[in-house]
1. For the range 7-126, give the percent of accessible area contributed by carbon and sulfur heavy atoms, probe 1.4 Å, rounded to a whole number.
2. Using every pair of alpha-carbon atoms in the range 15-82, split the distances into 5 Å bins beginning at 0 and state the percent of pairs per bin, rounded to integers.
3. Could you work out the relative contact order of the chain, using alpha carbon pairs under 8 angstrom and six or more residues apart, expressed as a whole percent?
4. Within the range 69-112, which residues have the backbone N less than 16 Å from the label spot 7 Å out from Phe130 along Cα→beta-carbon, could you tell me?
5. Cα centroid distance between the range 35-72 and the range 74-104, in Å?
6. If I require 18 Å or longer along the helix axis, counting alpha carbons, and a Kyte-Doolittle average no lower than 0.0, what helices from the chain are left? Use full DSSP H segments.
7. Can you give me the accessible area per residue for the range 7-126, using a 1.4 Å probe, in Å²?
8. Whole percent per 5 Å bin, from 0 to the bin with the longest distance: what is P(r) over all C-alpha pairs of the chain?
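The values are calculated or read from the model by the stated rules, or taken from the named source; none is laboratory data. Treat the numbers as computed from the prediction; the structure is a model and nothing was measured. Virtual Cβ from ideal backbone geometry, glycine too; neighbours counted across all protein chains shown. Quick note on the areas: whole protein, heavy atoms, side chains included, nothing else; ligands and nucleic acids left out. Shrake-Rupley method; radii C 1.70, N 1.55, O 1.52, S 1.80 Å.
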Amino acid sequence: MKKMLTDDQRQSLIQTAILARQQAYAPYSRYPVGAALLTATGRIFSGANVENAAYPTGMCAERVAVFKAVSEGEREFIAIAVVTSNGGAPCGACRQALAEFGLDTLVLVADAQGRLVMEDSVAGLLPGAFGPKDLPPQA
Ligand code: THU
């Protein structure tokens, strides 16, 4: 089902992501990222990227937000806002993590000034996604 957001919801998600970005731990890339995920129950989970001296151990802001939400019982998402300095797009791994919980989740990408630079669904950002439907029925 196509998901819709009001302008107020858009702005408050982006503002939450801007604040979350301040908590990023990104001493290696110096590319802090903030995310804010709105669930179907109306809760907002924030996330920031958390890097590590052992580089691959780090985690993106979007997946931090998704994992926080899922680990607190949420599995249905309306939208996620992602904020970077330059409005950079979510990485493939984060698109895949979002796809697990719905291809119609909206993804808003904004820059550090809160300007919306891109809005699309997960389906639009990950065409032909592999997902739960591709696996045999689980016992
Ligand atoms: N990063 C994110 O947090 N989300 C993305 O979708 C792209 C990249 C982080 C990972 C790393 O900490 C830094 O940005 C540079 O790649």
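1. That share works out to 52 percent.
2. All Cα pairs, binned at 5 Å, distribute as 4, 21, 28, 21, 14, 8, 3, 0 percent.
3. Worked out over the chain, it gives 21 percent.
4. 92-101, by backbone N distance to the label point.
5. A separation of 10 Å, based on Cα centres.
6. Correct list, ordered by number: empty.
7. Per-residue value: 48 Å².
8. Percent of pairs per bin, in order: 2, 11, 21, 24, 21, 12, 6, 3, 1, 0.
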